[in-house]
Structure formats: C-alpha cells, structure tokens
Amino acid sequence: MDKLVLPKEFIDKYQKLLATKASSFFTALEAEPKKAFRLNPLKANYQKVSYDLSEPVNGVEDAYYGEISGRDIEWVNGYVYSQDPSAMYPAEALGVKPGQKVLDLCAAPGGKSTALLSALKNEGLLVANEISASRAKNLRENIERWGASNCLVTNEDTSQLAKKFPHFFDAILVDAPCSGEGMFRKNHDAVTYWSQEYVLECSSRQKEILNEAVKMLKTGGSLLYSTCTYAPEEDEKICAYLVNKLGFKLVKTKVNVASAGVPAWGENLAGIEYARRFWPQDEIGEGQFLAKFILSKASDTEENIDDFKQKNKKRRKKAGKKVEIFTKAEKELVKELLASFNLPVSFDFSKAAKSNDHVYIPAVEDTSQIKVLNNGLELGILKKGRFQPSQQLAQYLGQMQQERVVELQNQAEFEKYLHGETVKTEKKLKGFVLVSYQGKIFSFGKVAGQVVKNFYPKGLRV
Ligand SMILES: C[S@@+](CC[C@H](N)C(=O)[O-])C[C@H]1O[C@@H](n2cnc3c(N)ncnc32)[C@H](O)[C@@H]1O
C-alpha cells in the first residue's frame, strides 16, 4: 500500500483536539491495520476451523485476531465473518437477548447483523435494513451464509421503515454512515473523501437517521449508536443530540476496553464517559465510537402510535394482499424433502407460506409497503410439480449434524463445485443431498448415478 497522506486540515484538527496525545495517534495511523474474525455459534461444531484461535479479541465472544480469505470453506459456509476487531464491540455493547425484536438500521454488509443473529440464537427477530440496493444484496448473501432463520432483510428508506414499525423494537443498532476516519489505516483511498464539510454533512445525516430510529423504539428500549470515525461532531455531539433532543439517557455497557468518550467534545453530557472510543493507538483495532442509550419516554403519545397502527392496517387493506394458495400436494412435496434432513427444534413448518412459487417461513407476516429481500427462511422454489431447495436452507441445515451428505474429497473438488461444475461420488444416494467440504455443509447438490449435479447458486459461483 502507498503511504497514508493525511489532509493538512485533518492534521491541524486532531493536533488541536488531542494536544500532547496527537503524535501517538498519527504514529498509530501509519502502523499495520489489525485483522480479526468471528466464529458462528449457530453452526454445528462451529469451533472446528482451520484457524489459529490463540489470540481472542478481548471481551467479544467467539472472536479472534487473524486473517481469513473469502475462498476458505469456513467463509463459504458461514463459519466465519471477517471484521475489524473494534467494529465487533457495538453489537456486543447492545447486549441483545434471545427472543427480542431487534433492528439493525444501517446494516450492509452485515458484520453487526451476523453478530446480532448469533446473540439472538434463532429466537426473536432481526430486521436488517440497508438503504443502498447494491449493498443490500451483499447483506442478504452474508445473512444467508450465517444460516439464521429469524431475519427480515429490507432495502428501505429509514422514514418508510419508521411508518411500518412504530415503537416496535426492543433494541436498535444505528451503525451510522460517517466520514470513515477509522478506515484510513486499512484503506488509504478513504482519505480522498475527507473534508471538514463532509464531516458536518455526515453529522446532519446521522441526526436525520436518528430522528426516524427513535420512532421505531419502544419506551425503555435500547439504542446503540456507533460510527467508524473519530470526529466529535459525529460522535459525542450526536450523543448530546440524542439526550437533549430525542429523550434518551446514556448508559453504561459491558464493553470496558478502549478509551472513554470525551466530555468537552460532547457538551459535558452526563454519562459521556460510558461511551467508548477506539483509537488506533489503543491497539485493539481500527477506529470506532459507540454509545448506548435507553429511551426514557417515547415522544409520541400512545394515541399517535395507535393512529400509526390504524393507518398501517388501512394501507394493508388497500394494498389488497394477494393470498397465494399453498396446496396440500405442494406442502407434501416440501415436507418430503425436509424429512430427509435433521431440523433444528425451533423449525415450525406450520407457518410456511408461498409467494411467487417461493416457499418460506416468514420472520414477519405482513411486509406490505416495504422492500423485502428475504423474509425468514426461504425453503425453496416450486417448479413444474417439483420442489427445489434453496441455498439458504442448505446453510440453515448446517446448524445440525446431517447424514444425507456428500463430502468433497479435496480442495480441487471444492473449487470445482464453487465454480459450478459437477463432481463424482461413490455414495449410494439419489436425489437432493447436502454438499460439504472438511465436514462443513455449504450447498445442495443432486445425485444421479455417480454424479452430483451442482446446485450452488449461479450468483455465488467463483
Ligand atoms: C457504517 S456502514 C454499516 C456497516 C454495517 N453495520 C456492518 O457492520 O457491516 C453504514 C451503512 O449505512 C448505509 N446508509 C446510508 N444512509 C442511510 C440511511 N439514510 N438509512 C439507512 N442506511 C443508510 C450505508 O449505505 C452503509 O451501508
């Protein structure tokens, strides 16, 4: 990588803000970035990976320092997620519990969503939203790999989402779009976007997003605000906005590493020292800021919330949701395939629905008025009287030990499969099987004779 060249305005700003500590900040920005990964506790035997697990990330469950590749079987089958170590702390600090209704408002590519899904343990709901359509596609793929069944992936504008879910969530993560100063060390090009005007622009956008987020949180619910920038305008000052304008209270989190929020940068707000700043000189990871809040009292009256709900009901009626018949014969086809595999105890086929020939178990029943990329667990597609299981189902079944599996014999076979080619098998099986490599299930295949036909999705092939 080329040498990091910081804008003069940036240097002057942090020289002033950090005074005697500035030189250690600038020196740390020239050091190597820290790399880490999280394991996926939703998968069977999830700690059986080929990586060195001797250096855990302090205070983050199932997280370790080290580098992984997007070609590794562990990545392909969702056993690991590569993440900046300091970016692991916001989801940890939110402290969600299985069964809660959680929103990740700015979710792509999904680092924090996958951590929230691990914490939810398949119970409750995660709505993972991303405003950019291309980034939302990537989010969907990462969530599919994780193998969870309780996630709604949406591609919505925050205000539209707020209309849909008034005071609905127990916990919300706002990992806000920001000026990205914390990215400078690992991506030198990120510097080119930086200016003080951009910092202020980001700060206004963050307030707009939070104005909508508050409408979706229950009274007493938790909000975790995070950025990957050091700028006080986007960090402590936004905390002051949340407390002074939106009715939040700053609270302590279980994260006790890194540095404290700086009172002088946040209008001397009570509790700002509970916020955490991850500086590169803290030697944990790249840049990150986090603060946790409780919503003391929703500013809308209960009447307003009821009014919201009524309007939503009317809209749904107006949209005249098309009911698609999922016939008994179709259900039997799906059940027949599922019967060949071990299913998690939480699996509940009674909720299965059909839409445009796709069979799925919804995480949210009514999704009218919002753009949905994936709702719950996609089981597969009905095609000409046949049922073809989905990639998400293969990843979900990877939560359990399975018997109907074809194990690929070597790296060359694995790469062939990822490329979309068929492979040979000696196993006396017929029809749909799970395909695994190094004991890790990552796809469906279909056996005919001694050949495993490739069902790894075209969009994922490499
Ligand atoms: C810091 S990134 C999120 C990283 C993600 N939480 C993770 O851990 O992988 C911020 C995201 O917010 C999205 N974004 C920008 N404006 C938004 C808005 N108004 N509402 C929701 N998301 C927005 C960006 O496209 C970007 O993907």
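The values are calculated or read from the model by the stated rules, or taken from the named source; none is laboratory data. Small disclaimer: the values here were computed from a predicted structure and weren't measured. Cβ sites come from the backbone with ideal geometry, for glycine too, and all protein chains shown count toward neighbours. Only protein heavy atoms, including side chains, enter the accessible area calculation; ligands, DNA and RNA are left aside. Shrake-Rupley method; radii C 1.70, N 1.55, O 1.52, S 1.80 Å.
A few remarks follow.
- Boolean, residue 416 is open to solvent by 60 Å² or more (accessible area, probe 1.4 Å) and either part of a strand (DSSP E or B) or of a type outside the set (Lys, Arg) (or both): no
- Residue in the range 103-115 that is more than 11 Å from the chain's Cα centre (by Cα) and touching a residue at least 12 places away in the same chain (Cβ under 8 Å) present: no
- The range 77-93 residues that are assigned to a strand (DSSP E or B), paired with ones that are of a type in the set (Phe, Trp, Tyr) and within 13 Å of the ligand (Cβ to nearest atom) (beta carbon under 9 Å, 6 or more apart): 81/146
- The set of residues from the range 145-162 being closer than 15 Å to residue 214 by Cα and away from the ligand (no atom under 13 Å from the Cβ) is empty.
- Any hit, the range 379-391, residues being open to solvent by 70 Å² or more (accessible area, probe 1.4 Å) and touching a strand residue (DSSP E or B) at 6+ places or on another chain (Cβ under 9 Å): no
- The range 227-252, subset among the small types (Gly, Ala, Ser) and surrounded by fewer than 24 Cβ atoms within 10 Å (Cβ to Cβ), residue nearest to residue 272 (Cα to Cα): 240
- Matching residues, the range 122-136, being of a type in the set (A, V, I, L, M, F, W, C), part of a helix (DSSP H, G or I) and under 12 Å from the mean Cα position of the chain (by Cα): 136
- Residue list for the range 379-420, filter: of a type in the set (Phe, Trp, Tyr) and more than 13 Å from residue 433 (Cβ to Cβ): 387, 396, 414
- Residue check, residue 439 within 27 Å of the chain's Cα centre (by Cα), small (Gly, Ala, Ser) and open to solvent by 20 Å² or more (accessible area, probe 1.4 Å): yes
- Residue-level analysis places residue 368 outside the set of residues that are assigned to a strand (DSSP E or B) and either more than 22 Å from residue 461 (Cβ to Cβ) or open to solvent by less than 10 Å² (accessible area, probe 1.4 Å) (or both).
- Any chance residue 129 is within 12 Å of the ligand (Cβ to nearest atom) and open to solvent by 20 Å² or more (accessible area, probe 1.4 Å): no
- Among residues of the range 101-123, those that are over 19 Å from residue 61 (Cα atoms), touching an Asp or Glu at 6+ places or on another chain (Cβ under 8 Å) and open to solvent by 10 Å² or more (accessible area, probe 1.4 Å), counted: 3
- Qualifying residue in the range 106-121 (condition: part of a loop (DSSP other than H, G, I, E, B), of a type in the set (S, T, N, Q), within 14 Å of the ligand (Cβ to nearest atom) and out of contact with any helix residue (DSSP H, G or I) (no Cβ under 6 Å at 6 or more places or on another chain)): no
- You will find that of 406, 359, the residue that is surrounded by 19 or more Cβ atoms within 10 Å (Cβ to Cβ), in a strand (DSSP E or B) and out of contact with any helix residue (DSSP H, G or I) (no Cβ under 8 Å at 6 or more places or on another chain) is 406 and no other.
- Flag if residue 204 is free of Cβ contacts under 8 Å to residues at least 24 places away in the same chain and either open to solvent by less than 20 Å² (accessible area, probe 1.4 Å) or small (Gly, Ala, Ser) (or both): yes
- Test for residue 166: is it more than 16 Å from the ligand (Cβ to nearest atom), within 23 Å of residue 238 (Cα to Cα) and either open to solvent by 20 Å² or more (accessible area, probe 1.4 Å) or in contact with a helix residue (DSSP H, G or I) (Cβ under 7 Å, 6 or more places away or on another chain) (or both): yes
- Filter result for residue 223 (part of a helix (DSSP H, G or I) and either surrounded by fewer than 20 Cβ atoms within 10 Å (Cβ to Cβ) or modelled with pLDDT of 95 or more (or both)): no
- Residue match in the range 189-201 (condition: outside any helix (DSSP H, G or I) and away from the ligand (no atom under 11 Å from the Cβ)): yes
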